[in-house]
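> Dropping the structure in here first, questions after.
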Amino acid sequence: LTGGYIIKIDKPTGGLGYDWSSQIQPLNAGSQLINYAFHYPKQDEILPAQAAYIENHVTDFETNLNGPNFKDLTTGYRSFIDVPSFIDFFIINELNKNVDGFRLSTYFYKDKDSKGGKMIMGPIWDFNLAFGNANYCDGSLTNGWATDFNYVCPNDPWLIPFWWDRLSQDSSYNNQLKCRWENLRLTKLHLDTLLNYIDTLAVYLNESQQRNFQRWPVLGTYVWPNDFIGTDYTSEVNYLKSWI
């Protein structure tokens, strides 16, 4: 009962609706709510006791995070979540300013209490509108935060949960985030590492990209929601590198 759940924040798919809504409204919202859906077990497979358990657990986490003692190292939000996974999720979505980040295509899971039992962010996916490839809601800009989406596009039907703003109010969390960022910038997220990786992939994909654009001749053509329209493969690769 206590684990083996994957929950998502996303648009409803497959004719299925949302399973429950957060009791805490997103920041700068009108009538919008944060809606959750069962991903595993599926909506038509989850047992009533399981559904009630995980909904109540997420609600208890949000109530704790929104409460006056949320920073308490023992009884606060840290008793519910795996903080390093939240930090990595934040970094990777902010690194590429994913316009869908935090509010759509967002997954988190909870294992059994006997295996730790904390909520873990991920797996991450869906970055087709990241790295400047979105000409709306400031998605193409290299300044600003993806987590400010609710203030940039407050009328969008899908907003970001209050989680990320609330976590940023904890200096202990901010220090942990800063240390993780600075460590990654020395290694996997060093600028040279990122740009060299792109060069390696560009060479690896060179033959297949030619066949791709023969089949779909979209180079130099606007395809929603492009902000940059490259005339050839090289210009597209260079844009990605310069944007980063």
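> Quick one: in segment 48-75, which of the residues that are assigned to a loop (DSSP other than H, G, I, E, B) and free of Cβ contacts under 8 Å to residues at least 60 places away in the same chain is least open to solvent (accessible area, probe 1.4 Å)?
Step one: of segment 48-75, the residues assigned to a loop (DSSP other than H, G, I, E, B) are 66-75.
Filter once more, so that each one left must be free of Cβ contacts under 8 Å to residues at least 60 places away in the same chain: 67-69, 72, 74-75.
Values: 67: 13, 68: 126, 69: 110, 72: 67, 74: 106, 75: 84 Å².
By that ranking, first place goes to 67.
> So, one more: Of a type outside the set (D, E, K, R) and farther than 21 Å from residue 159 by Cα: which single residue out of 34, 9, 46 fits that description? Reasoning before the result, please.
On the way: 34 fails: farther than 21 Å from residue 159 by Cα; 9 fails: farther than 21 Å from residue 159 by Cα.
When all the criteria are applied, what remains is 46.
> Evaluate segment 142-165: report whether one residue or more is farther than 30 Å from residue 23 by Cα and assigned to a loop (DSSP other than H, G, I, E, B). Break it down stepwise before answering.
First, pick out the residues of segment 142-165 that are farther than 30 Å from residue 23 by Cα: 142-143.
Then drop every residue that is not assigned to a loop (DSSP other than H, G, I, E, B), which leaves 142-143.
Checked segment 142-165: at least one residue is farther than 30 Å from residue 23 by Cα and assigned to a loop (DSSP other than H, G, I, E, B).
> In this structure, is residue 109 open to solvent by 70 Å² or more (accessible area, probe 1.4 Å) and either touching a Cys at 6+ places or on another chain (Cβ under 9 Å) or among the hydroxyl-bearing types (Ser, Thr, Tyr) (or both)?
Details: open to solvent by 70 Å² or more (accessible area, probe 1.4 Å): yes; either touching a Cys at 6+ places or on another chain (Cβ under 9 Å) or among the hydroxyl-bearing types (Ser, Thr, Tyr) (or both): yes.
Criteria met by residue 109.
> Please go through (1) surrounded by fewer than 19 Cβ atoms within 10 Å (Cβ to Cβ); (2) touching a residue at least 60 places away in the same chain (Cβ under 8 Å); (3) of a type in the set (Lys, Arg) for residue 42 and return the number of the only condition it doesn't satisfy.
(2)
> Further question on the same structure: Would you mind stating whether residue 84 is open to solvent by less than 20 Å² (accessible area, probe 1.4 Å) and under 16 Å from the mean Cα position of the chain (by Cα)?
On the way: open to solvent by less than 20 Å² (accessible area, probe 1.4 Å): no; under 16 Å from the mean Cα position of the chain (by Cα): yes.
It is false that residue 84 is open to solvent by less than 20 Å² (accessible area, probe 1.4 Å) and under 16 Å from the mean Cα position of the chain (by Cα).
> Of (1) under 20 Å from the mean Cα position of the chain (by Cα); (2) touching a residue at least 24 places away in the same chain (Cβ under 8 Å); (3) part of a loop (DSSP other than H, G, I, E, B), residue 33 satisfies all except one. Which?
(2)
The values are calculated or read from the model by the stated rules, or taken from the named source; none is laboratory data. Only a predicted model underlies this, so the values are computations on that prediction, with no experimental measurement involved. When we count neighbours, we look across all protein chains shown, and the Cβ atoms used for this are built from the backbone with ideal geometry, even at glycine. For the accessible areas, the whole protein counts, side chains as well, though only heavy atoms, and no ligand, DNA or RNA atoms are used. Shrake-Rupley method; radii C 1.70, N 1.55, O 1.52, S 1.80 Å.
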